[in-house]
Amino acid sequence: MLERSQLAANALQALHDEDYDVPFNTQSLNHDGLIFMGGRQQTSMNGDWTFCVDLLDTGLRQKWYAMLPEAPENRTEPWDYDPYMGETVPVPSNWAMLKEKWYFFEGSAWYTRPLDLDEIDGTKRQFLRFGAASYDCKVFLNGEFLGNHYGASTPFCVELTGRLKPGRNWIMACVNNTRTRDRVPMRNTDWFNYGGLYREVSFFETPKSLIRDFFLYLVPDGTYSTLRAEVTVDGPELETARLAIPGLGVALDIPVDETGRGKLEFSARPDLWSPETPTLYDVTVRFGEDLVTDRVGFRQIERRGTDILLNGEALFLRGISVHEDDARLGKVTTEEDLRRRFADARDLGCNYLRLAHYPHHERAAQLADELGFLLWEEIPVYWAIDFANPATYRDAENQLTELIRRDRNRASVIIWSVGNENPDTDARLTFMQGLAETCKNLDPTRLTSAACLVNHAQNRIEDRLADHIDIIGLNEYYGWYEENFEDLAAIGVNSNPDRPVVISETGADGVIGEKGPQKGLFSEEYMAEVYRKQIGTLRQLDYVKGMSPWILYDFRVERRQNIFQNGYNHKGLIAADKQTRKKAFRILSDFYHQIAASEEKAREAS
Ligand code: GCU
């Protein structure tokens with residue numbers, strides 16, 4: 001903490017130092033600090049935090065984080081901001097949704113709250129966990145900078161062990177959502193740049209020896225008879241971890257080597273997970289005093305030629321794309337919002353969702369496991385990215401690693417996607433090939449993809465990245481952006497992909513009711529007609545093995561300000577009220593229910 005006299009010195013020095021932020025960009029809170037959270041006891045840190053926007057980073061320049069919580073009457077110098085008193089905001093929240101004056105705010109904002117501890121248990125380790133913070137989150141404890149995390153949508157942990165004191169401790173987070181050239185995504189996106197601590201924050205303790213990571217899966221060898229457990233532990237050496245899956249009569253020791261890693265393959269014949277039969281098994285892992293739990297489904301996803309197979313059976317991914325966006329909550333996810341999302345997808349006839357364009361809340365994949373949906377999850381390597389910048393690659397790979405480590409025990413997740421609509425350049429190919437390899441290194445059980453673009457010059461599906469991913473995602477908007485609809489059929493004929501194609505996006509804007517025109521662009525009728533024509537053409541292409549049209553709900557975006565869009569993208573099959581369905585909903589729903597019925601008939605016949 002700063003002595004009072006230093007404050008003035010700081011303020012003066014800060015006027016001339018434009019490198020003030022360099023010491024606060026360690027990115028030391030990345031994936032290697034992650035702790036496996038299965039079933040851990042957590043103390044919620046949600047609720048009111050003192051809050052202040054800080055457009056010019058005065059807080060970092062003047063070191064607000066180091067000021068003593070001095071009573072105002074005892075201060076001898078003026079404070080430009082008082083971290084300990086004043087305006088509060090609820091965590092989780094996006095500041096854009098809280099006050100009109102913060103709607104378009106992009107910059108740093110300070111969150112402060114106390115952490116009161118009667119005593120510090122010296123036999124334990126103490127951590128904070130942030131579900132996500134958009135985008136750069138610098139964490140301070142009692143005036144000490146502990147590190148920062150890059151990436152707007154993945155969890156991170158901060159170890160506090162040895163730094164806490166009995167009684168009142170102060171936590172500060174400086175969250176900055178500025179768009180910059182080196183970030184992932186870069187500066188230009190078609191979704192709203194919500195900033196803030198918008199997922200849960202919690203405090204938790206572990207024994208000195210803890211389970212840092214745990215991965216359990218069905219070995220994808222087509223026999224459905226071998227499971228593999230991988231565990232990473234941390235702390236004083238112990239010989240083994242103990243795995244139990246009561247539903248399978250499994251209770252086994254996993255030997256742990258000197259690096260803290262353990263792996264074990266063993267025979268088991270679990271009931272297979274699928275959307276129709278979403279069977280989950282309770283799992284526990286013990287290591288010394290530490291105990292974690294999870295609920296895991298076992299299934300195999302693979303591709304053979306242009307087929308996608310789940311548990312050996314070819315299937316069509318009847319999907320829809322979704323953003324994390326809510327007219328009232330911004331990017332904050334609630335249980336109710338998630339359950340409505342899956343209920344609407346079920347009505348639509350979906351067995352699959354594309355969680356675009358960034359890692360969604362971890363609860364989404366947990367619910368998809370329980371309800372029986374397949375998921376495409378992705379990192380926001382979106383449009384223009386600084387592909388030649390090693391720091392950008394490090395950021396992208398970290399976000400991907402955090403996503404995979406968070407969700408790789410989720411049976412519902414079948415595809416990791418490494419990008420969306422990126423220009424086919426050499427730098428981009430190297431960058432995304434590296435990410436695709438990272439997926440396989442971290443998780444040999446899932447398929448990889450990316451939302452690629454049509455090669456318009458050749459009028460066919462062609463992207464050099466296709467050789468390095470399992471499924472070719474394809475974003476095409478014939479009938480909307482690409483006006484010559486006949487080209488879509490031509491592309492179908494001109495293309496001969498050797499692996500499955502999933503139409504990762506297609507669609508059109510349709511403004512509901514009297515707010516939109518009754519015919520022509522932006523009318524509901526025009527949108528419905530695009531869906532009719534798209535479905536009529538795509539159903540002819542036998543290498544198209546799935547679709548996730550753009551998008552389930554209308555969503556907020558800064559860049560669309562014409563008289564029909566008013567700061568929203570209106571390609572939703574349902575309006576932003578998440579109630580009013582548009583004509584195109586029924587058109588897609590009829591198509592999906594037909595596919596489901598024919599697949600059911602084929603299953604009965606076999
Ligand atoms: C692109 C992009 C989406 C965007 C959509 C649109 O394909 O991937 O993020 O919202 O098109 O223009 O509506």
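The values are calculated or read from the model by the stated rules, or taken from the named source; none is laboratory data. The structure displayed is predicted, hence computed values, not measured ones. We place every Cβ from the backbone using ideal geometry, glycine too, and count neighbours over all the protein chains shown. Accessible surface areas use protein heavy atoms only, side chains included; no ligands, DNA or RNA. Shrake-Rupley method; radii C 1.70, N 1.55, O 1.52, S 1.80 Å.
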remark   = Given 69-75, 295-301, 570-576, the highest-first ranking by average Cβ count within 10 Å works out to 570-576, 295-301, 69-75
key: Helix 426-442 axis, angle to the chain major axis (alpha carbon atoms, nearest 10°)   = 80 degrees
task = Per residue, how big is the convex hull around the C-alpha atoms of region 221-296? Give it to me in cubic angstrom, could you?
result = 97 Å³
task = Please work out how much accessible surface Glu18 shows to a 1.4 Å probe, ignoring ligands, DNA and RNA, in Å² rounded to 10.
result = 120 Å²
task = Specify the angular offset, from 0 to 90 degrees and rounded to the nearest 10, of the alpha carbon long axis of helix 390-407 from the longest principal axis of the alpha carbons in the chain.
result = 80 degrees
query = Percent antiparallel among DSSP beta bridges with both residues in the chain, to the nearest 5?
reply = 70 percent
Burial order of peptide ranges 319-326, 254-261, 361-368, 81-88 (average beta-carbon count within 10 Å, highest first) = 319-326, 361-368, 81-88, 254-261
task = Quantify how much of the Cα-Cα distance distribution of the chain extends past 39 Å, in percent.
result = 32 percent
note = Kirkwood calc, region 287-368, C-alpha pairs only, radius in angstrom 15.2 Å
key: Coordinate range along principal axes, alpha carbons of region 74-230, Å, largest first   = 71, 48, 25
message = Once the convex hull of the alpha carbons of region 262-314 is built, what does its volume come to per residue, in cubic angstrom?
response = 117 Å³
key: Distance between region 357-409 and region 544-606 - C-alpha centres, whole angstrom   = 22 Å
query = Against the longest alpha carbon principal axis of the chain, how many degrees, from 0 to 90 and to the nearest 10, is the axis of helix 4-14 turned?
reply = 50 degrees
request  = Taking only the C-alpha atoms, wrap a convex hull around region 31-109 and report its volume per residue in Å³ as a whole number.
outcome  = 167 Å³
request  = Find which of Thr537, His361, Asn148 sits farthest along the positive direction of the dipole of the chain, computed with +1 on the beta-carbon of Lys and Arg, -1 on that of Asp and Glu, about the Cα centre.
outcome  = Thr537
key: Heavy atoms of Lys263 accessible to a 1.4 Å probe, total area in Å² rounded to 10   = 130 Å²
ask   = How large is the charge dipole for region 384-525, taken about the Cα centre, if only the Cβ atoms of Lys, Arg (+1) and Asp, Glu (-1) carry charge, to the nearest 20 debye?
value = 680 debye
task = Output the direction-averaged projected area (hull surface divided by four) of the convex hull of the alpha-carbon atoms of region 185-254, in nm².
result = 9.8 nm²
Leading residue at positive end of dipole, region 1-118 (Cβ point charges), from Phe105, Met45, Pro72 = Met45
Solvent-accessible area, 1.4 Å probe, carbon plus sulfur percent, for the chain = 50 percent
request  = Roll a 1.4 Å probe over the protein chains and send me the accessible area per residue for region 124-199 in Å².
outcome  = 24 Å²
key: Percent breakdown of C-alpha pair distances by 10 Å bin, ordered from the shortest bin, for region 288-444   = 10, 35, 36, 18, 2, 0
query = What is the magnitude of the charge dipole of region 1-115 about its Cα centre, with +1 placed on the Cβ of each Lys and Arg, -1 on the Cβ of each Asp and Glu, and no other charges, expressed in debye to the nearest 20?
reply = 420 debye
key: Shape box of region 327-372 [Cα atoms, principal axes, largest first, Å]   = 26, 19, 19
ask   = Which aspartates and glutamates have a Cα less than 18 Å from the Cα of Lys99, not counting those fewer than 8 places away in the same chain?
value = Asp48, Asp54, Glu87, Asp325, Asp326, Glu558
task = Quick one: grab the alpha carbon gyration tensor of region 427-570, order the square roots of its eigenvalues as a ≥ b ≥ c, and give me rounded if a/c is under 1.5, else prolate or oblate depending on whether a/b is larger than b/c.
result = prolate
ask   = Given only helices, namely DSSP H runs of n ≥ 4 each adding -39500 (n - 2.57), what is the per-residue ellipticity at 222 nm of the chain, to the nearest 500 deg cm²/dmol?
value = -6500 deg cm²/dmol
inquiry  = So if I take the alpha carbon set of region 217-265, get Rg, then get Rh from the Kirkwood formula, what is the Rg over Rh ratio?
reply    = 1.03
query = Size of the dipole of the chain about the Cα centre, Lys and Arg at +1 and Asp and Glu at -1 on the beta carbon, nothing else charged, in debye to 20?
reply = 960 debye
request  = Roll a 1.4 Å probe over the protein heavy atoms and report the accessible area of Leu117 in Å², nearest 10.
outcome  = 30 Å²
